[in-house]
1. How would you rank A:GLU96, B:GLU413, going from fewest to most other Cβ atoms within 10 Å of each one's own Cβ?
2. Which residues does a label at A:LYS318 reach in region A:243-267, if reach means a backbone N under 20 Å from a point 7 Å past the Cα toward the Cβ?
3. Counting each DSSP H run of 4 or more residues in chain A as -39500 (n - 2.57), what helix-only mean residue ellipticity at 222 nm follows after dividing by all residues, to the nearest 500 deg cm²/dmol?
4. Express the relative contact order of region A:2-109 as a whole percentage, based on alpha carbon pairs under 8 Å and six or more residues apart in sequence.
5. Counting other C-beta atoms within 10 Å, which of A:TYR19, B:TYR78, A:TYR210, A:TYR358 has the fewest, and how do the rest follow?
6. Which distance in Å, rounded to a whole number, links the C-alpha centroids of region B:346-360 and region B:23-57?
7. Going Cα to Cα from B:LYS14, which lysines come in below 17 Å? Please leave out same-chain ones fewer than 8 positions away.
8. Could you tell me which residue out of B:ALA235, B:LEU250, B:HIS58 lies farthest along the dipole of the protein assembly as shown toward its positive end? Charges go on the beta carbon: Lys and Arg +1, Asp and Glu -1, centred on the Cα centre.
2 protein chains.
Amino acid sequence: MNIIKSTKVLFLYKFMQRYASSQALATDLKSIVGNDNVATSTAVREQHSHDESYHPGHKPDVVVFAQSTDHVSKIVKYCASKRVPVIPFGTGTGVEGGVTAPQGGVCLDLSRMDKVLSINAEDFDCTVQAGVTRNALNTYIRDTGLQFPIDPGANASLGGMCATSASGTMAVRYGTMRENVMNLEVVLADGSIIKTAGLKGRSRKTSSGYNLTNLFVGQEGTLGIITEATLKLHAIPEAVLAAVAPFKDLQGAVNATVAIMQSGLPVARIEFLDENMVDACNRFSKLNLDIAPTLFLEFHGSNSNIEAQGQIAEETCKSYECLQFAFATDVDKRAELWKARHNAWYAAQALKPGSKGYSTDVCVPISALSGIVTFAKDELKRLNLLGPIVGHVGDGNFHVFVIVDPTNPKEIELVHQYSMALAKEALRVSGTVTGEHGIGVGKKKLLIDEFGAAGINTMKAIKQALDPMNILNPGKVL
Amino acid sequence: MNIIKSTKVLFLYKFMQRYASSQALATDLKSIVGNDNVATSTAVREQHSHDESYHPGHKPDVVVFAQSTDHVSKIVKYCASKRVPVIPFGTGTGVEGGVTAPQGGVCLDLSRMDKVLSINAEDFDCTVQAGVTRNALNTYIRDTGLQFPIDPGANASLGGMCATSASGTMAVRYGTMRENVMNLEVVLADGSIIKTAGLKGRSRKTSSGYNLTNLFVGQEGTLGIITEATLKLHAIPEAVLAAVAPFKDLQGAVNATVAIMQSGLPVARIEFLDENMVDACNRFSKLNLDIAPTLFLEFHGSNSNIEAQGQIAEETCKSYECLQFAFATDVDKRAELWKARHNAWYAAQALKPGSKGYSTDVCVPISALSGIVTFAKDELKRLNLLGPIVGHVGDGNFHVFVIVDPTNPKEIELVHQYSMALAKEALRVSGTVTGEHGIGVGKKKLLIDEFGAAGINTMKAIKQALDPMNILNPGKVL
């Protein structure tokens, strides 16, 4: 009894201690960024404790809303002096637990840094603050004839997309963030500010010094806080054509994808949905698609070549026995299709109310795609799990949205087993454990399988060099 | 007199000491890699002391020819134990002095690691040892319908091209090495071996851990020795069309380029040669081109769309008052043109026998191109220097091949002034001090101008973390 009592007292003492230090933290931070930019309410901290995944949330002690790079620099400097963790937060739309605060600390919300700083239409580039979302940017530039096409589905912040090396449906044509970020402003762990591609750099090519830009793309806030990004823009295509092709079986759809990619057709999107995913989309988005393994395709080009592209794709799909190949030429029909595709994550979760989705995210060489998608389906059956499949198959990247009851530890364990098995199969066939979601807290063990000890030690040496006190998003990636 | 004598004695003593330690070094290295793979002759060391530029050469103490990754690992481990510099050497075709050995040490020649390890035609990728040259790879794969198009002009080794982030004439369509390297095997400063994109990784996309691949692309041998590379391959286009368009003036040629790029035309090459360069090419390659600012263009595509591409380019050039627009359809004529373009470096040097070329290498946003090319020409005139201009203008990248008498210090000083002024102008207009040649020994000061103290310190922290004893290509980049 006494032991229990003293444990309780100790817990209460620790809680009070943390509360007191949180209050002191908040007071100090208010003096740096102003009262309106610091929140300690449970509601705000809760909202900043998790992303959209099943990964358990951990609340930060304080949420700070930075308004400028200067704010970020001062906050990080302050946190460094107190050895307090700093966790950057964009829109919270990640899926590997990247924004949780397992050690508490300061959640640095960048959503108020939402200014488009410059548009250089002649050079096809722009510079934005980290909190600008991709939709906000596209709305801002709609009259220039340009677009920022990288589209991970969610309306994520561009800073977050840089930090996680996002990609999505358009990557097969326009590349991932790695290919589209030209320069970053980053606040380092000591509060100093760098530009990764030169103080004013906006050139299309450079071989000047180490490629810091691509070191900070995908570092998930563990090496620095991204405050500004210079991004490539692309011309809005003169013409867009979409098509839907259901197939008799999975292999047909995947093999048609492989053939289309190998033909060199510059397809803008080529998305695979298995029959369960199509069924979920029909229900959630009130569509009437045939319930069969299906490809959604989109072609971008000039009025003169777009039909030729569509025709080649149609011929290819037919040679792999697609059940039909239906063009969606009008804008509304096309928008409806892609909205349904983007809502696939929510559609999958709606299959079982109260459930959470766990999204796997492997990417393999395209020749291994058919084999591993079959493996993914067989494993679902073996473990008796529900998991619609959706994929950016043109890149060899796909997700299984495993539907899980977050209150059932046995089910969570099964999903975990499944995810590990699929990731290891991806590694076996020369793929990667994450094509676009990142490592976060969910895939740290798999990172070791992927890179081996020497590779991990190299990453650790870089982390140690740039963040020796481990205050930047601690507990993530490594 | 006595002072002179004792200086001479001291020099002789130091020379003897270095000679003795070189001999000991060679003996030890022979025991690691075998007698046939170690050279200490003056001729071989001289040949490995310099690249193709005017930068003064410094001989290594020993040249070692590695035959395997295991050799490289053992050599680096040995050198680390003795704190001896290791300078990787591919073909010696660089132009910023990257292979010189200012502190002596071991030149690690990778040319005997010349095996193509795998071709995955279905996945459009291959894995090669570092010493395979780009021509050797293209010859090896010629029956697959695939090509490795990145073409810096010289027949460089692919390991060297990775290390220096090479690009060249085809980058405007196919990207630079940064976009075409999928994975690297690298030997680190302690002899350990990593794979930068996973132990077996060949996926088109990944967001797994830090982007080590692009940290090692462009590090110029200062962070690790690249021993193998997995590279993207591209389909050989069904049809190729080339064209030559001389212009009335510089502005017309540059503005036509800008307009072509902004139209989104997927031009495969678009090269600018000023009138001096055309003159030099005519002499060197026995051509008969009009002596005027000229664009060389190339289009890749299907038989059906290639003429449409050419036509759009022709219309654009005519609207900028090109003097003519001549298509070169037959293979021989095309080969002759591009051979002449590739020999431009030698053609420029042949303008003044006994001279060396100093190639500047700035890259700017395309909207700034016309202004800076004019600046480059005006400065040449002001300093009374001879410098034909040639450029991968589609990327905003161009070179002035300043012709210099390497025995005339005053002229070298002038060239230096010129190069600095041009690089600073590039920075002023948001460009970079090197688009594709790298920093080497030639541009270390400019790197500081480009990145500022915080950026340089970040690079230094990474160097310190990965090569704490500074044995890898010391004195380069930073």
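Rule-based calculations on the coordinates, nothing more; no lab input. Since the structure is predicted, the reported quantities are computational estimates derived from the model, not experimental observations. Cβ atoms come from the backbone with ideal geometry, glycine included; neighbour counts cover every protein chain shown.
1. In order of increasing Cβ crowding within 10 Å: B:GLU413, A:GLU96.
2. A:243-249, A:252-267
3. About -12500 deg cm²/dmol.
4. 28 percent
5. In order of increasing Cβ crowding within 10 Å: A:TYR19, B:TYR78, A:TYR358, A:TYR210.
6. 28 Å
7. B:LYS5, B:LYS59
8. So the residue we want is B:HIS58.
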